[in-house]
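See below for the structure under consideration.
The numbers here are math on the coordinates, done by the rules we state, and not lab data. Treat the numbers as computed from the prediction; the structure is a model and nothing was measured. Virtual Cβ from ideal backbone geometry, glycine too; neighbours counted across all protein chains shown.
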Amino acid sequence: MFLWALFLIALTASYLSFIASGNRYLHRTSHRSAGGLHWEKQIRSSAQIRRKNGFSVLVTGAGGFVGTHVSLALNKRGDGVVGIDNFNDYYDPSLKKSRRNILRSKNVFIVEGDINDQRILAKLFEIVKFTHVMHLAAQAGVRYAMENPNSYVHSNIAGLVTLLEQCKSANPQPAIVWASSSSVYGLNDKVPFSEADRTDQPASLYAATKKAGEEITHTYNHIYGLSITGLRFFTVYGPWGRPDMAYFSFTRNILQGKPITVFRGKNGMDLARDFTYIDDIVKGCVASLDTASKSTGLGGKKKGPAPYRIYNLGNTSPVTVPVLVGILEKNLKIKAKKNVVDMPGNGDVPFTHANISLAQRELGYKPTMDLPTGLKKFVKWYLSYYGYNDGKGNSVNS
Ligand SMILES: NC(=O)c1ccc[n+]([C@@H]2O[C@H](COP(=O)([O-])OP(=O)(O)OC[C@H]3O[C@@H](n4cnc5c(N)ncnc54)[C@H](O)[C@@H]3O)[C@@H](O)[C@H]2O)c1
């Protein structure tokens, strides 16, 4: 008996230490308790539709770069928007909180919670009959996957399935538009990248989880009749952007007089990206919501076929990283200290280039922003947000 008790104690202890070590790989998040009358009231008010035939949209990752911009655009035209974000510390959460404050000033509420939390999702769908879900919550970033692989599985796979489970049993089922990524093209070297090109050679775990997302959403479309639109974004940039991305961290380092690391591909080739301005991406997201047919299922049962769509959202004009640096130098009026090194095998690909004719045809998607103009807008935002504007172009806050 005593031995059995000892055995049970040891088993419990080893389980608890397993849970603890598992959580070590996830991000720190600060969850406020969800629920209560005030909480529900904020959600109802945020979800209020203010235009004829408007939508009620659940935006996941609403505290993120793209999520904030899409939420603002939907709110502006009179759709009801409720956000959900776990405000994790992959990058400075205070930037996410500042974005939240902008949304709050427009009466858009972001629920602080994880998309893996089935109870919160169920509660949200109980309070609001969402017509659409704009799913943007994810663990982004290519290189970070080598440091924290489980965070990708947590948000991009497990979180996606939890969300789809909720959507499939919702009544009515919402139509789902979600962010895949250009990274699914991986080692594909046929340019420009078209939706029909092969995507079975991912170069990073991030890409692999996005590719898995495309397969997982297909399954839910096939079995449950969920209307699915997957968007392969190509390097999105602009005001309120992500600090882990090159254009952002280069700006920070150049202003602080620190060196920047510029990667070079095989045979000294410059890396190139199809940089796409945030406003163009937002238009593509909104057009996807507008053109998405309804889901067909009811009570978790498929009643007929529903659309499964995938689109590239890019700019169609790749720019090399040295050219990007040159544009930043011109805008900041500071010469960068460049440290040019060979690209390590950490998941990056040498170039991206989108063929957008499908999105053009079916969504009316037509990007209009060139990189120099878009970066000028970004730099203006950056200097203002981080308090560099003292009138003489000098730093006052850094
Ligand atoms: N920005 C780009 O260049 C780019 C390119 C291709 C694809 N994407 C995809 O677009 C989407 C939006 O990207 P972004 O640049 O706005 O990134 P972001 O990191 O700024 O936004 C993602 C948001 O999701 C939240 N989040 C992460 N895991 C969560 C979870 N489990 N539960 C709740 N919230 C969670 C984060 O806190 C963050 O605020 C992502 O799916 C990303 O993979 C972005």
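Some observations on this one:
- Normalised convex hull volume, the range 79-173, alpha-carbon set, Å³ per residue: 98 Å³
- In a simple Cβ point-charge model (Lys, Arg +1; Asp, Glu -1; nothing else charged), the range 197-283 has a dipole of about 320 debye relative to its Cα centre.
- Of all complete DSSP H helices in the chain, those with a Cα span along the helix axis of 15 Å or greater and a mean Kyte-Doolittle hydropathy of 0.0 or more are 2-24, 65-76, 159-169, 278-291, 321-332.
- Theoretical FRET efficiency, 1/(1+(r/R0)^6), r = Cβ-Cβ of Trp39 and Lys301, R0 41 Å, to 0.05: 0.85
- Note on the chain: along the principal axes its Cα atoms extend 67, 65, 46 Å, ordered by decreasing extent.
- For the range 182-287, the alpha-carbon radius of gyration amounts to 1.30 times the rule-of-thumb value 2.2 N^0.38 Å expected for a compact globular protein.
- Each of Trp39, Trp178 has some number of other Cβ atoms within 10 Å of its Cβ, and from fewest to most they run Trp39, Trp178.
- Among Ile157, Ile334, Ile84, residue whose mean-square fluctuation peaks in a GNM of the chain (springs only between Cα atoms under 10 Å): Ile334
- For the residue pairs Lys96/Lys377; Lys123/Lys168; Lys96/Lys338; Lys337/Lys380, the alpha carbons lie more than 23 Å apart in Lys96/Lys338.
- For the range 243-391: Kirkwood Rh in Å [reciprocal of mean 1/r, alpha carbons]: 17.9 Å
- With a simple spin-label model that places each label point 7 Å from the Cα along the Cα-to-Cβ direction, the separation between Asn346 and Lys366 comes to 4.1 nm.
- Comparing mean-square fluctuations of Ile281, Ile254, Ile228 from a GNM of the chain with C-alpha springs under 10 Å, the top value falls on Ile254.
- The overall shape of the range 121-187 is prolate: from the C-alpha gyration tensor, with semi-axes ordered a ≥ b ≥ c, the ratio a/c is 1.5 or greater and a/b exceeds b/c.
- Farthest toward positive dipole pole in the chain [+1 Lys/Arg, -1 Asp/Glu at C-beta], among Tyr247, Thr199, Thr68: Thr68
- Gained length - Tyr386 relative to Ser249, 0.36 nm times residue gap less alpha-carbon distance: 48.0 nm
- Among Met343, Leu164, Leu187 the positive-end extreme of the charge dipole of the chain (Cβ point charges): Leu164
- Dipole magnitude for the chain: about 1120 debye, using +1 per Lys or Arg Cβ and -1 per Asp or Glu Cβ, origin at the Cα centre.
- For the chain, DSSP calls about 10 percent of its internal beta bridges antiparallel.
- In a DSSP loop and with at most 16 other Cβ atoms within 10 Å, the trypsin sites (Lys or Arg not before Pro) in the range 236-316 are Lys294, Lys303.
- For the range 169-241, the set of trypsin sites (Lys or Arg not before Pro) satisfying both a DSSP loop assignment and a count of at most 15 other C-beta atoms within 10 Å is given as Lys190, Arg198.
- For the range 106-169, applying the loop criterion from DSSP together with a ceiling of 16 other beta carbons within 10 Å to the trypsin sites (Lys or Arg not before Pro) yields Lys106, Lys129.
- With Cα atoms as the point set, the radius of gyration and Dmax of the range 171-240 evaluate to 13.6, 43 Å.
- Helix-only mean residue ellipticity at 222 nm for the chain, each DSSP H run of n ≥ 4 adding -39500 (n - 2.57), per residue, nearest 500: -12500 deg cm²/dmol
- Three-way shape label, the range 225-273, alpha-carbon gyration tensor, a/c 1.5: oblate
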